Structure formats: structure tokens, C-alpha cells
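For reference, the structure discussed in these notes is given below.
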Amino acid sequence: MFSELHIFFDRLLKLVSEVSGIPVQDILKSNETDAVDARNVVVYVLHNEGAYCRNIAKLLNRTPRAIRYMLSNFDNRCANSKYLRSIYDDVVKRIGNNFEILGKR
């Protein structure tokens, strides 16, 4: 199960990078606002696809508490950041009901 999640994570990370224009390494490591927003999108989508906080935390080298914090503040961040909202909307639109992009059927 974790290996499937890892594949999904890698593909999602590349998609968010493509949509946002932020390199994957920056999404994973940077504390710049745009990179943090992109990382929040990755966390939110993974969680909505059924990933547990502890597994997301392992993938992103964060604590489960940090992941729960990102999830609990996502809606508020979206309300205050058009950039975050546009990344999220574009990623969701590109995934759509066709999960082949992320290796899901």
C-alpha cells in the first residue's frame, strides 16, 4: 500500500510542480510562500485520496502534527491566497475523473 502511495505521491508532486512552476526540490524543502502553498496542495490532495497523515509526513519528511496543521489551515489559506487556490483548482481540474495521470484507475 505504501509503495502505491509513493508512486501516487511522485506523480502528484510532478504535476503540482508543472502547474505551479516551482521545482520539486523547492516544494519539498523551501520555506518560500509559493513553495509552501504548493506543498499544501500536495498534502491536501493526498489526504483527500485517503492517505493517512503519518504516511504523508513520511513522504514529505515532516511530522504528522505538521501535516494535520496544514490540513486544518488549508481552507483559510485558500481564502487568503488566490495563488494557492489557482494551483489547487488547476491540479484538481487536470486530475479530473481521469486518474491515469496519477496511476489510478
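Values as computed for the structure displayed
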quantity: In the stretch 40-51, the residues that are of a type outside the set (A, V, I, L, M, F, W, C) and either touching a His at 6+ places or on another chain (Cβ under 9 Å) or surrounded by 14 or more Cβ atoms within 10 Å (Cβ to Cβ) (or both); calculated: Asn40, Tyr44, His47, Glu49
quantity: Subset of the stretch 37-61 [under 13 Å from the mean Cα position of the chain (by Cα) and basic (Lys, Arg)]; calculated: Arg39
quantity: Search result, residues across the stretch 64-96 that are outside any helix (DSSP H, G or I) and surrounded by 13 or more Cβ atoms within 10 Å (Cβ to Cβ); calculated: Ser81
quantity: Residue under evaluation Thr33, criteria (1) closer than 21 Å to Asp75 by Cβ; (2) polar (S, T, N, Q); (3) surrounded by 14 or more Cβ atoms within 10 Å (Cβ to Cβ), criterion not met; calculated: (3)
quantity: Qualifying residue in the stretch 12-20 (condition: touching a residue at least 24 places away in the same chain (Cβ under 8 Å), closer than 18 Å to Gly96 by Cα and small (Gly, Ala, Ser)); calculated: yes
quantity: Count - residues of the stretch 41-63 that are in a helix (DSSP H, G or I) and closer than 18 Å to Asp10 by Cβ; calculated: 14
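Just so you know, all these numbers are worked out from the coordinates, no wet-lab data involved. All of these numbers come straight from a predicted model, not from anything done at the bench. Neighbour counts run over all protein chains shown; Cβ positions are idealised from the backbone, glycine included.
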